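This report refers to the structure that appears directly beneath it.
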Amino acid sequence: MKISTKGRYGLTIMIELAKKYGDRPISLKSIAQAHNLSEHYLEQLISPLRNAGLVKSIRGAYGGYVLADHPAKITSGDVIRVLEGPISPVEGLEEEEPAKRELWIRIRDAVQEVLDSTTLEDLAKYSGDEESYMFYI
């Protein structure tokens with residue numbers, strides 16, 4: 001399974017919102033500038049996150065986005081599923097022969113376990129150190 005820029009940049013947005021949880025809303029422009037990303041692309045990513053109930057938009061001069069829940073209650077798996085779809089290492093899992101199907105299921109379950117046990121709070125704590133993005137299965 002390969003996570004695209006949608007998932008990577010979506011997590012970037014969510015980690016930035018987690019760092020500022022409880023503060024004022026954060027604009028996508030400030031996130032884009034801080035990470036040298038396209039604001040237009042981030043705008044495309046925030047919509048499904050908002051529709052899924054993971055973020056809220058705040059209108060006005062000091063508006064922007066905030067997390068819809070505490071960072072400890074939102075997992076990286078929640079974000080990846082919204083932006084990337086179901087987590088699966090291969091297409092057509094049902095059609096695989098039993099031995100290979102068992103392997104793919106074990107891989108899928110291991111990836112899901114890491115994503116579902118890693119919260120935005122965890123990622124926000126470690127985001128100051130580039131090496132700390134590494135989580136081991």
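Bear in mind these aren't lab numbers, they're just calculated from the coordinates by the rules spelled out. Not measured: the values here are computed from a predicted model. Cβ coordinates were reconstructed from backbone atoms using ideal geometry, including for glycine residues, and neighbour counts include every protein chain displayed.
Within straight-line reach of Lys20, meaning a Cα separation under 24 Å, sit the following lysines at least 8 residues removed in sequence or on another chain: Lys6, Lys29, Lys56, Lys73, Lys125.
For a straight C-alpha distance cut-off of 23 angstrom, the lysines reachable from Lys100 (same-chain residues fewer than eight places away being disregarded) are Lys2. Projecting the Cα positions of Leu11, Leu123, Tyr62 onto the charge dipole of the chain (unit charges on Cβ atoms of Lys, Arg, Asp and Glu, taken about the Cα centre) puts Tyr62 furthest along the positive direction. Each Lys and Arg contributes +1 and each Asp and Glu -1, all at the Cβ; summed about the Cα centre of the chain, the dipole is approximately 680 debye.
Can you work out the PRE-style zone for Ser38? Point 7 Å along Cα to Cβ, and I want the residues of the range 68-109 with backbone N under 18 Å. Residues 83-84 fall inside that zone. How about the range 28-137: which trypsin sites (Lys or Arg not before Pro) there are in a DSSP loop, with at most 10 other Cβ atoms within 10 Å of their Cβ? Here the sparse-neighbourhood loop sites are Arg59. For Ile74, Ile3, Ile46, the sequence from fewest to most other C-beta atoms within 10 Å is Ile3, Ile46, Ile74. Spin-label model, Arg59 to Met1: label points 7 Å out along the Cα-to-beta-carbon direction sit 3.7 nm apart.
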